[in-house]
Amino acid sequence: MPRPKKHRNCEGKMCGKVFKPTCTPLRELPRIHLHQDELEALRLCDLQGLFQEQAGEKMGISRGTVQRLLTSAHKKVAEALTEGAALIMGNADD
């Protein structure tokens, strides 16, 4: 049985937001779910320029966890941009 998920401090509240290509209805697009903690790791490291260790301290998680979140988020964002999919931003438990 896996260990319970540790609470992560996320400042950006982007639940329910969607980034999608124009001129195509959402119902016709493939969907990629970007969890809130992945978005927060992107915001802290890529937008604010923090190191992974600093981002981990702000989020209350380890540097290794930040690295895994960033890797997953980068893959999802790249896939959404190159494949023309909708990027659904929300909580990890949706």
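Derivation of every value follows stated rules applied to the coordinates shown; laboratory data play no part. Values in this document were obtained by computation on a predicted structure and should not be read as measured data. No Cβ is skipped: glycine too gets one built from the backbone with ideal geometry, and neighbour counts run over all protein chains shown.
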#### Entry: Semi-axis lengths (Å, descending) of the ellipsoid that matches the C-alpha gyration tensor of the range 19-68
29, 11, 7
#### Entry: Contact order relative to length of the range 36-90, as percent, for alpha carbon pairs under 8 angstrom and 6 or more apart
36
### Query
For the range 36-90, what size does the Cα cloud have along each of its three principal axes, sorted from largest down, in whole Å?
34, 19, 15
### Message
Only four residue types carry charge here, +1 at the Cβ of Lys and Arg and -1 at the Cβ of Asp and Glu. Report the dipole size of the range 12-84 about the Cα centre in Debye, rounded to the nearest 20.
### Response
200
